[in-house]
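Structure record follows, encoded as structure tokens.
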Amino acid sequence: MGQLCHFAARAAGAGDRRTRKDRRKAHDCAPSAAFATGVTGPRHAAALLDERSTGAGIIPLVLTGIAGGALTWAVACAPHAPYGLAALLAVVFVLDVLASDVLSSGRRVVGPGLVIVVAAFVLYGTPAAVLLGLVRGIVRACVPRPRTLTDGSTTAAISVVGPLLAGLSASAVGLLWPHPAIVAAVYVACAYVVEVAAATILRARLSQPSLLDGWKHNAAWTMLHFAGLGALGAWLGNDLAGGRWIGILYFAVPLIIVRHGFGIFLTRSERFVAALENQNSALFDKLGQLDRQNGDLIEALAMAIDSRDGGDLGKSRRVAQISASAGAELGLSGTRLEILRRGALLHDVGELAMAMPATSGTLDVVESRQMRLQCDLGARFVAKWRDCRPMVQIIEQHHEHVDGSGYPHGLKGDEIALEARIVAAADAYVSMTSHSPHCPTLSHYEAIAQLQEHAGTRFDESVIAAIAQTAGARIADVLPLAPRLR
């Protein structure tokens with residue numbers, strides 16, 4: 001029986017292996033079905049990468065071969081005007097090196113050098129345009145920094161193939177409609193299709209996919225600029241054909257001067273911006289230092305306030321801690337939350353001006369009057385401190401009650417700032433949970449119960465709920481400082 005089970009298990013395992021092997025073979029032998037359904041695995045992804053790598057290696061070679069043949073033909077058929085052709089070559093080189101581009105991502109495809117290439121086609125024909133295209137391609141491949149061998153050779157090849165195909169197409173159209181304007185328009189249109197549209201799509205597929213997105217967003221402006229420069233080139237070519245070669249200087253010199261001036265302006269602007277950034281950084285550092293100093297001073301002042309009655313030195317800090325937690329629970333954040341925390345630290349700053357510290361027992365008439373004055377005095381003190389003026393409202397109103405029975409102004413409900421309502425409840429909570437010789441210390445739940453008894457009369461119900469939610473998880477943070485040191 002055991003042998004039967006053993007053989008059955010082996011047979012099942014062999015069947016599973018044959019099944020997996022058959023599935024793997026079927027999967028490898030039917031890649032077209034996987035692509036048809038949109039499901040591709042690692043092997044198909046690798047195949048795609050191999051296909052792209054193969055294309056990236058073959059296409060530049062094909063383009064370079066076509067460009068080499070075109071150059072051989074252009075040199076053989078070059079016009080017998082060496083001085084004129086040399087002048088055009090020099091001008092297109094200088095313009096493409098110095099003049100700014102219209103389409104920067106195209107590396108001087110749509111630039112002032114295009115005008116000279118179109119003028120050369122109008123003046124001398126397709127061979128001259130091909131030779132000038134080679135110069136533009138070399139400049140685009142090497143300036144401002146050299147490209148890789150594959151990318152550079154592709155750029156140079158497209159710069160030669162573009163004028164070749166555009167010139168042949170325009171010449172063919174010229175046989176049917178021999179109007180100079182039509183011939184020039186066909187040349188410009190075909191050159192745009194080859195040198196900009198097709199070249200961008202090709203480079204996007206081979207190495208730089210982001211170029212395609214940029215060209216799609218700027219296609220309308222690119223075509224408009226290309227057409228405008230092409231029309232200017234046709235006009236310049238007609239002037240050169242009439243012997244007015246001074247037109248090249250009228251066109252090229254202003255562009256070079258503008259480019260040089262723009263370069264100086266850009267360099268100085270970059271230096272100015274860098275200096276401003278450094279100054280802003282230094283200013284923010286100083287502001288941060290001043291803010292930290294203010295915070296430290298407020299912390300020290302809070303300790304001085306707590307030491308007035310010889311009691312717990314950490315009371316104001318715990319009020320600030322609970323107030324900040326409750327404020328965050330109620331949706332306060334950023335600067336407003338920090339103002340709440342600092343205002344809670346200074347909520348009893350008016351006690352520093354009182355003749356005697358407030359006691360925790362029964363107050364006589366004089367002490368009651370002083371207690372009512374401390375909010376107003378504290379608000380006046382803090383109002384003189386420019387950096388702490390946003391805290392005046394907290395200090396002045398933290399003894400107001402939501403039913404209007406508080407002091408000093410008898411405000412009620414939403415007339416009391418939210419921050420002041422938070423500090424009022426947090427102050428009462430800390431007083432009940434802190435160690436004191438005058439009254440028993442309550443637990444968290446007992447203190448919350450006491451606050452809830454006065455909900456809607458002295459304290460805001462939402463603030464009590466926030467303190468109950470946040471202070472309960474921080475029992476260790478609200479313990480009196482003196483017992484912790486024992």
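The values are calculated or read from the model by the stated rules, or taken from the named source; none is laboratory data. Here the structure is a predicted model, which is why all the values come from computation and not from measurement. Backbone-built Cβ (ideal geometry, glycine too); neighbour counts: all protein chains shown.
At a glance:
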{"read-out": "Hits in the stretch 386-407 (condition: surrounded by fewer than 16 Cβ atoms within 10 Å (Cβ to Cβ) and outside any helix (DSSP H, G or I))", "value": "ASP403, GLY404, SER405"}
{"read-out": "Some residue of the stretch 274-285 being in a helix (DSSP H, G or I), closer than 30 Å to VAL115 by Cβ and either among the aliphatic types (A, V, I, L, M) or not assigned by TED's automatic domain parsing to the domain that holds ALA185 (or both)", "value": "no"}
{"read-out": "Only one of ILE201, ILE182 that is under 30 Å from the mean Cα position of the chain (by Cα), in a helix (DSSP H, G or I), surrounded by fewer than 19 Cβ atoms within 10 Å (Cβ to Cβ) and at pLDDT 75 or above", "value": "ILE201"}
{"read-out": "Residue, surrounded by the most Cβ atoms within 10 Å (Cβ to Cβ), within the stretch 423-455, restricted to residues that are β-branched (Val, Ile, Thr) and in a helix (DSSP H, G or I)", "value": "VAL423"}
{"read-out": "Any hit, the stretch 123-144, residues being assigned to a loop (DSSP other than H, G, I, E, B) and free of Cβ contacts under 8 Å to residues at least 40 places away in the same chain", "value": "yes"}
{"read-out": "Residues of the stretch 168-204 classified as among the small types (Gly, Ala, Ser) and within 21 Å of VAL139 (Cα to Cα), total", "value": "5"}
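Residue-wise test of (1) surrounded by 13 or more Cβ atoms within 10 Å (Cβ to Cβ); (2) under 22 Å from ALA90 (Cβ atoms); (3) assigned by TED's automatic domain parsing to the domain that holds VAL193; (4) over 44 Å from the mean Cα position of the chain (by Cα).
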{"position": "THR222", "(1), (2), (3), (4)": "yes, no, yes, no"}
{"position": "PHE226", "(1), (2), (3), (4)": "yes, no, yes, no"}
{"position": "ALA231", "(1), (2), (3), (4)": "yes, no, yes, no"}
{"position": "GLY237", "(1), (2), (3), (4)": "yes, yes, yes, yes"}
{"position": "PRO254", "(1), (2), (3), (4)": "no, yes, no, no"}
{"position": "ILE257", "(1), (2), (3), (4)": "no, yes, no, no"}
{"position": "HIS260", "(1), (2), (3), (4)": "no, yes, no, no"}
{"position": "THR267", "(1), (2), (3), (4)": "no, no, no, no"}
